[in-house]
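Following this message is one structure expressed as structure tokens.
Values quoted throughout were computed directly from the atomic coordinates according to the rules given, and no laboratory measurement underlies them. On a predicted model such as this, the values are computed, not experimentally measured, just so you know. A quick note on method: Cβ atoms are made from the backbone with ideal geometry, for glycine too, and the neighbour counts reach across all protein chains shown.
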């Protein structure tokens, strides 16, 4: 088996699924539509699920011409090709939460990533601290989760609140949602990094894929 495949403009890492437990994902921004289509077509020759992030609808249309079974999730900007049947453990749930409705696109990228890795994912949206009673109404789901992803913009306070409620790992996912002084997610990122709640890991701004991948790895540990 070749460990990677040379395409001139890309080197596809076929060995990553064996090495890291999940296949390589394609980051679409900065690549041409033709490059994305050719990469996905080449990856489709292997038996693993395919995930392409930050994809436009035009990219999807080009991919679908070569890989008709490809799906496009517009809100999360994901192209998915399902090739593996993975059975989730019903007792080990990843809960994806958002502070506001505007955080849902990034949260959906995280949720779909984890689902494609074979995990059961539940969602709780729009439970930010400005109306904290909405969060407390979800306490049963929050405490039942095995891993939690908390997506929030503005000041990013929701991650700290959730971290103070549970004894499970919390992945804080800052989003670029907010007015000027949020600095396109920097305020949320710094707030999450400075959280006084223990047990919180923080990924980069808008990195839903990274949050979903990390949550899946944590959820798989025994």
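What is the angle, in °, between the Cα long axis of helix 57-66 and the longest principal axis of the Cα atoms in the chain? Nearest 10 is fine, range 0 to 90.
40 degrees
Moving on to the next point. Nearest 500 deg cm²/dmol is fine: what mean residue ellipticity at 222 nm does the chain get from its DSSP H runs of n ≥ 4 alone, each adding -39,500 (n - 2.57), divided by its residue count? Could the numbers behind the result be given before it?
Working: 9 runs with 77 residues, N = 222.
It comes out at -9500 deg cm²/dmol, rounded to the nearest 500.
Between Rg and the Kirkwood Rh of the range 5-81, both from Cα atoms, what is the Rg to Rh ratio? Please report the intermediate quantities before stating the final value.
Values: Rg = 11.5 Å, Rh = 12.4 Å.
Dividing the radius of gyration by the Kirkwood radius yields 0.93.
Another question about this same structure. Whole-Å semi-axes of the range 93-220's equivalent ellipsoid, largest first, each the root of 5 times a Cα gyration tensor eigenvalue? Please list the in-between numbers first.
Numbers: eigenvalues 77, 50, 34 Å².
Semi-axes from the Cα gyration tensor: 20, 16, 13 Å.
Could you order the peptides 159-165, 111-117, 148-154 from most to least packed, using the average number of other C-beta atoms within 10 Å per residue?
Working: 159-165: 21.1, 111-117: 24.4, 148-154: 29.9.
Order by mean packing, descending: 148-154, 111-117, 159-165.
Related question: In nanometres, what is the gap between the two model label sites at residue 222 and residue 141, each 7 Å from Cα along Cα-to-Cβ?
2.9 nm
Treat the count of other C-beta atoms within 10 Å as a stand-in for reagent exposure and order 183, 125, 9 from fewest to most. Spell out each step's value before the answer.
On the way: 183 14, 125 17, 9 11.
In increasing order of surrounding Cβ atoms, one gets 9, 183, 125.
By how many degrees, between 0 and 90 and to the nearest 10, does the Cα long axis of helix 33-43 differ from the longest principal axis of the chain?
Relative to the chain, helix 33-43 is tipped by roughly 80 degrees.
How do 24-31, 46-53 rank on mean C-beta neighbours within 10 Å, highest first? Kindly include the intermediate steps, with their values, before the conclusion.
Values: 24-31: 16.8, 46-53: 19.8.
Sorting 24-31, 46-53 by mean packing, highest first, produces 46-53, 24-31.
Let me ask another. For the range 67-116 and the range 188-212, what is the separation of their C-alpha centers, rounded to whole Å?
Each part reduced to its Cα centre gives a spacing of 19 Å.
Ratio of alpha-carbon Rg to the 2.2 N^0.38 Å globular estimate for the chain, to two decimals, please.
Values: Rg = 17.8 Å, N = 222, 2.2 N^0.38 = 17.1 Å.
Relative to the rule-of-thumb radius for its length, the chain sits at 1.04.
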